[in-house]
Amino acid sequence: MYEKDKILNSFPPDLAKDVRRVLDMLVMKNDDISSRYYIVNLGGLNIAIPERVYMREQTPSNMTAVQRNILDCIFTRHNNGFVRQRHLQNLISCTEYWTIPFCFKLLGEYVDNILYDVKKHLEC
């Protein structure tokens, strides 16, 4: 399976066009996506979200709001905790149902600052 297909399978099929657009903007090597996944049932559809992504953090321009949310979801799986935290901060108020598994997975992380950000948001 190609690296970009691994990410494509992390989102509902109705987002495929936007996910492909984001992936086309990212520079990715063959080993940038973890071979380990967690499976989430999202509205009756099983999606496979990679444990980690190892690509360089990138911020392409000219993206729609949905595409920015997709990018943020992808980078919540980054191997660097500070990168995960930054992208969670972008998503934490997002109401798109498909972002929930990416945010929820971070609750089990060892990066304290991520947990503080979630706690602060919940207390608002």
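Key figures for this structure:
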| quantity | calculated |
| --- | --- |
| Every residue from the range 2-12 that is touching a helix residue (DSSP H, G or I) at 6+ places or on another chain (Cβ under 7 Å) and assigned to a helix (DSSP H, G or I) | LYS4, ILE7, LEU8 |
| Failed condition for ALA65, given (1) over 18 Å from LYS120 (Cβ atoms); (2) in contact with a helix residue (DSSP H, G or I) (Cβ under 9 Å, 6 or more places away or on another chain); (3) free of Cβ contacts under 8 Å to residues at least 24 places away in the same chain | (2) |
| Residues that are surrounded by fewer than 16 Cβ atoms within 10 Å (Cβ to Cβ), in contact (Cβ under 8 Å) with a residue 24 or more places away in the chain and within 23 Å of LYS4 (Cβ to Cβ), drawn from the range 70-96 | ASN79, GLU96 |
| All positions within the range 28-43 that are in contact with a Lys or Arg (Cβ under 9 Å, 6 or more places away or on another chain) and of a type outside the set (A, V, I, L, M) | ASP32, SER34, SER35, ARG36, TYR37, TYR38 |
| Filter result for TYR37 (within 25 Å of GLU109 (Cα to Cα), surrounded by 11 or more Cβ atoms within 10 Å (Cβ to Cβ), touching a Pro at 6+ places or on another chain (Cβ under 8 Å) and not hydrophobic (A, V, I, L, M, F, W, C)) | yes |
| Test: residue in the range 50-68 that is surrounded by fewer than 18 Cβ atoms within 10 Å (Cβ to Cβ), on the phi > 0 side of the Ramachandran plot, more than 10 Å from the chain's Cα centre (by Cα) and not acidic (Asp, Glu) | yes |
| Test result for VAL66, out of contact with any strand residue (DSSP E or B) (no Cβ under 9 Å at 6 or more places or on another chain) and either of a type outside the set (Asp, Glu) or under 20 Å from CYS103 (Cβ atoms) (or both) | yes |
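Every number in this text was worked out from the coordinates using simple rules, so none of it is lab data. All values derive from a computational prediction rather than experimental measurement. Quick reminder, even Gly has a Cβ in these numbers, built from the backbone with ideal geometry, and neighbours come from all protein chains shown.
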